[in-house]
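Each remark here refers to the structure printed beneath this line.
The values are calculated or read from the model by the stated rules, or taken from the named source; none is laboratory data. These numbers come from a predicted model, not from an experiment. Don't worry about glycine lacking a Cβ; one is built from the backbone with ideal geometry, like all the others, and counts go over all protein chains shown.
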Amino acid sequence: MRWGVAAGGAIGVALVPLVVLSAPTVVTAQTAEMEQGKRLYESQCGSCHGPLGNGGRGANLAQPRLRRASDDQALFNIIRRGIPGTEMPGSPLTPRQVSSIAAYVKTLGRVEPEDIPGDARRGAAVFAALDCARCHTLGGRGGIVGPGLDDIGARRSAAHLREALLDPEASVPSGFLQLRVVTKDGRALTGFRVNEDAFSIQFRDLSGRLHSFWKYELDVLEQQWQRSPMGSYAARLTSEQTDDLVAYLVSLKGAQ
Amino acid sequence: MKTLVLMLVLAAPAAAQVPYARILDAASEPGNWLTYSGSYGAQRYSTLAQINRDNVDRLQPAWIYQIRSLQKFEVSPLVVDGVMYITEPPSDATALDLRTGRPIWRYRRALPEGIVTCCGQVNRGVALLDDQVFLGTVDAHLVALDARTGRVRWDIEVADYAMGHAVTVAPLALQDKIIVGIAGGEYGIRGFLDAYDPTTGERRWRFWTVPGPGEPGHDTWSGDSWERGGAPTWVTGAYDPELDLLYWGTGNPGPDFIGEVRRGDNLYSESLIALDPDTGTLQWYFQFLPHDVHDYDSTQVPVLLDAELGGEPRQLVLFPNRNGFYYVLDRVTGEFLVGQPFARQTWALGLDADGRPIENPETIPSTDGALVYPDDDGAANWYSPSYSPQTNLIYQNVRQKGGIYYRADATYEPGKIYMGASRRGVTGEDPKGFLRALHPLTGDLVWEVEVHSPPWAGLMSTAGGLVFSGTMEGDFFAADALTGDVLWRFQTGGPVYANPITYLSEGRQFIAIAAGSALLTFALPE
């Protein structure tokens, strides 16, 4: 939290001039459409997709690439017609209204360009020196116990990435719930949940090995929310190295 | 021999005659499942006991029928005389040969463009009466099919689908009427419950669940808000033939999350209504939640029970409500007798002596976001509870999941979402589910089985000392009805959004459940 506030403040300052510089000339028309899109989104879509598009009953829309809408037309069609065979209904809204929602939805997953103080090339060297790939996949190589990083710069802001390095437990990514289990025959393991149902749990230990247990085989099954096996790099990186590593991560945009 | 078998199979559907007297006396033929909840009393309990707590661990799949739709498969099948009748989403019906699972006929409906349903284009099952099958559709029609062939006898419009109306409920067949409810509480419809003539499809009566000008209760709606008042009726009710009363739950007022545009108690939303089935006139009502702003439809299955309460024999109706409270009412008068939480809930500080909730204002949707338990999917929902006279317990699948609600605009336009909030989940905890066994006269917890995600499966209990349930992770399982010990489980491979049933086929007991895109049946090895 401490870091989150500090980092957020710094980024806020950096953002202001950028927004002014990149402001389009047709501000009012675009703003009006976006306003309408936001309003319609909140009343028509937000109850399933969440107020920030993070998903709920409906899919997470706050991501740079939508699985079912590869381009603008596909997004428009989905909002208009729904997705047959799913709970996503068609909409009786006018084409103009649908366009405004689509325009707004596209902003949900956008990570605004930021002024990054570091140097991405030097950051790549820090990444290699720290052996980040031991746990994180990049370009098809690396470990699998942490989130993949191929397009991390398209999904996460610099502020978030900085926080993740300095205080990893401040915001643990979904899908990485840390667990501690002790089996009835006395084995103790830590790792994260892969899947779970009423009777069984699938679990990956920190070496990346997959385990599947029936719950009756376990003595302890402890959920550790807001815990991460990744330690803080606050003491291991200079502030310049941190800037460089953040710049490198921000540059990872995945296949365009 | 081959010819004989074939003849038996072919002869079965032709003999499918389900006069009212058979449904009335459904308890005397537990080998069939003749109406949505198994009987008019809606206990979803079977006296079949071939499959029981001593042998259920040997239960195994018999046949599986796959559907093509990827919509939620919410059917509660009916079984009569060797044939199973199911619906398939969005609005299709199929008759299956009970021995083999092979289709005998299919009704496939061509649907118009522009259907809006809040929560999937789903259907929960058919009703049977005499030689007809009755099916509601998402384009808000009621269709009567020939039970032998699936051919259409009649097809009538219940309401205008373009306004947000849909029929997802399994109709209820009474002596000479087909009772049909309506969905659309998220679209500003004005709710109603209808009765139709089984032979002609003519409407016999309509009870508006939101009273119009001049009708009692109209003054519980400010201004013209009653016109968009919601109070839908999308879950099948119960019937008491001796009292000749029809019991039905009603849903949320519209808009779901904004109260100030509809000041007042908003009758008869969030109520249990008791109607005279001949005329559709209201005999009594009990409103669980006046002026709801959490979208807690009181559209659950009312369970009828005769029991001694306070030293007196009483005719009761049990109602585990989506709002997280367990209610017991007198079903003759509607008098409130018992109410207490059976699940985590924060929207009410308690109930007063008349059962009226004391609401927690901090949970009302706001611009900053207000956390409430349960979220609008409820502590319970449309899926069925079950009461076992053998254990004298009522079983309920319970959802434990909060939501944070942000106010949003709600401007009424026909056929468009009219709700007024956005929902965010609660981070830092897993939502949970429980199969809970409650004391029927108090709602006290007797035992529970924790499951992973909040469930959408209904329950069925049997005289074999079992209760059957399913999970979102695809487990279908049987628990000991007395202790909650899980005695058998099967991974179906798809989430269970349906109620189980049981029946006999050639003298053997089967269990049926829809899961994922499959209808599965189970039996003991021969």
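Overview of values
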quantity	calculated
Conditions (1) surrounded by 12 or more Cβ atoms within 10 Å (Cβ to Cβ); (2) under 27 Å from B:Q121 (Cα atoms); (3) modelled with pLDDT under 85: number failed by A:V111	(2)
Residue in the stretch B:468-484 that is farther than 21 Å from A:G58 by Cβ, buried (at least 24 other Cβ atoms within 10 Å of the Cβ) and more than 21 Å from the chain's Cα centre (by Cα) present	yes
Of residues in the stretch A:39-81 being within 10 Å of another protein chain (Cβ to nearest Cβ), among the small types (G, A, S) and buried (at least 19 other Cβ atoms within 10 Å of the Cβ), the one nearest to B:T117 (Cα to Cα)	A:S47
Which listed residue, of B:G433, B:G378, B:G334, B:G415, is within 22 Å of the chain's Cα centre (by Cα), within 14 Å of chain A (Cβ to nearest Cβ) and part of a loop (DSSP other than H, G, I, E, B)	B:G378
Filter result for B:G425 (modelled with pLDDT under 95 and at positive phi)	no
Residue tally, condition farther than 30 Å from A:P92 by Cα, charged (D, E, K, R) and surrounded by fewer than 24 Cβ atoms within 10 Å (Cβ to Cβ), over the stretch B:377-435	4
First in the stretch B:280-295 and surrounded by 24 or more Cβ atoms within 10 Å (Cβ to Cβ), second anywhere and assigned to a loop (DSSP other than H, G, I, E, B) and β-branched (V, I, T), Cβ under 6 Å, 6 or more apart	B:V293/B:I364
Leading residue by the ranking (surrounded by the most Cβ atoms within 10 Å (Cβ to Cβ)) among those in the stretch B:19-66 that are free of Cβ contacts under 8 Å to residues at least 40 places away in the same chain and in a loop (DSSP other than H, G, I, E, B)	B:S39
The stretch B:452-466 - residue that is within 14 Å of another protein chain (Cβ to nearest Cβ) and in contact (Cβ under 8 Å) with a residue 40 or more places away in the chain and, of those, nearest to B:G38 (Cα to Cα)	B:A457
Total residues in the stretch B:124-145, condition within 15 Å of B:S69 (Cα to Cα) and either at pLDDT below 95 or within 14 Å of chain A (Cβ to nearest Cβ) (or both)	1
A:G139, sole failed condition from (1) under 25 Å from B:T427 (Cα atoms); (2) without any contact (Cβ under 8 Å) to a residue 12 or more places away in the chain	(1)
Positions within the stretch B:441-456 being out of contact with any Phe, Trp or Tyr (no Cβ under 6 Å at 6 or more places or on another chain), assigned to a loop (DSSP other than H, G, I, E, B) and over 17 Å from A:Y216 (Cα atoms), in sequence order	B:L441, B:T442, B:D444, B:S453, B:P454, B:P455
Restricting the stretch B:69-120 to residues that are among the acidic types (D, E) and assigned to a loop (DSSP other than H, G, I, E, B), the residue that is nearest to the other protein chains (Cβ to nearest Cβ)	B:E113
Hey, A:D119 of a type outside the set (G, A, S), under 18 Å from A:L249 (Cβ atoms) and in contact with a helix residue (DSSP H, G or I) (Cβ under 7 Å, 6 or more places away or on another chain) or not	yes
Residues that are farther than 16 Å from B:S517 by Cβ, outside any strand (DSSP E or B) and touching a Gly at 6+ places or on another chain (Cβ under 9 Å), drawn from the stretch B:469-493	B:T471, B:A481, B:L482
Scope the stretch B:124-165; condition part of a strand (DSSP E or B) and in contact (Cβ under 8 Å) with a residue 60 or more places away in the chain; matching residues	B:A127, B:L128, B:L129, B:D130, B:Q132, B:F134
First in the stretch B:326-346 and on the phi > 0 side of the Ramachandran plot, second anywhere and among the hydroxyl-bearing types (S, T, Y), Cβ under 8 Å, 6 or more apart	B:G334/B:Y285
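Here is a yes/no grid of residues against (1) surrounded by fewer than 19 Cβ atoms within 10 Å (Cβ to Cβ); (2) under 17 Å from A:C135 (Cα atoms):
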| residue | (1), (2) |
| --- | --- |
| A:A164 | no, yes |
| A:A170 | yes, no |
| A:V181 | no, no |
| A:D185 | yes, no |
| A:R193 | yes, yes |
| A:D205 | yes, yes |
| A:Q223 | yes, no |
| A:G231 | yes, yes |
